[in-house]
Amino acid sequence: MEALYEPLDEEWEDLWQNPRLVRLIGGQGICYPQELNPEWNRVLYPVRLADRVRMEREISAAFGCRHRVEEFVPGASHRVDAGEVERSPVAWLELLDDEADRHFDPALPLIDDFPVAPLRSGKRDHLAQARRIEAILNSRLLPLLIGARRPPVEQILSDHGGEYRIRIRFGDASAFDEGDFVLGFRKFRFITSMPEGEAAEAYWANDLEDFLTGTADEFSLFPRKPIGARNQRLWNCLGMPYLNQDLILRKLRLHFERAARGETNRDWALPFYS
């Protein structure tokens, strides 16, 4: 937050000196049926929007800023006019819970007993999964690594001994085989390999396949414990909307079709998360 308000070196007009400007702070939550366990609300997000607004107001005031900092209030319509924010309730919107139901409680006896398993169990065609995963590694992840430059892909490879190894588990918790996809200096594309040493990333093939078909997204694995690995570059890459419009379209189509049939988020989530 301090970096946000530090003066710029260039002689640009200071955005934060505009008293008609309102900076609205929002967040992104995870919606799940309250029947599962409403107490998760009290441990997942200790920093609330009001906390963020309070801290940012203090910092912006210390830098002499003149704009306003406000929060988005869940369930309200916001109208910004000449530096003022008017909020009004939305009659047709049903709030799942109130802010008072989400106050952080560090003493809750919640235990992380999630299984190390894919979201959907079951045997699938391992060869077909491997071909599909290799294709997305080279058509989506590799261009992102080359273009991002923070850090450069050459540094990523150097930091991992000259090769970047992604391990895939084919199967489920009851029985699985593992295979690696390796990017290296010698052949600058991901190629299949036998598992060797420590992998930089690790995933279940079923989860990746579900992501590609639109039946899972970056938040779906909340009730699963990930396979131990240091990075999740592929998973983060698949979650970037502008790189994956086809995946977003499949996911949205699935949920609109379910809603048209009268199904709710409870019908979707309870079979997995309970």
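The values are calculated or read from the model by the stated rules, or taken from the named source; none is laboratory data. These numbers come from a predicted model, not from an experiment. Note that we place each Cβ from the backbone using ideal geometry, even for glycine, and neighbour counts take in every protein chain shown.
Quick check on my filter: what residues within region 178-190 are in a strand (DSSP E or B) and more than 27 Å from the chain's Cα centre (by Cα)?
Filtering region 178-190 for residues in a strand (DSSP E or B) gives 178-184.
Within region 178-190, just G184 meets the criteria.
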For region 1-15, name all the residues that are modelled with pLDDT of 85 or more and surrounded by fewer than 10 Cβ atoms within 10 Å (Cβ to Cβ).
-> A3
Out of all the residues in region 192-214, is one or more assigned to a helix (DSSP H, G or I) and over 18 Å from A117 (Cβ atoms)?
-> yes
Within region 240-258, can one find any residue that is surrounded by fewer than 16 Cβ atoms within 10 Å (Cβ to Cβ) and closer than 30 Å to I111 by Cα?
-> no
Check R224, R230, R250 and return the single one that is in the same structural domain as A130 (by TED's automatic domain parsing) and touching a residue at least 40 places away in the same chain (Cβ under 8 Å).
-> R224
In region 122-151, residues that are under 21 Å from W204 (Cα atoms), in contact (Cβ under 8 Å) with a residue 12 or more places away in the chain and not in a loop (DSSP other than H, G, I, E, B) total 12
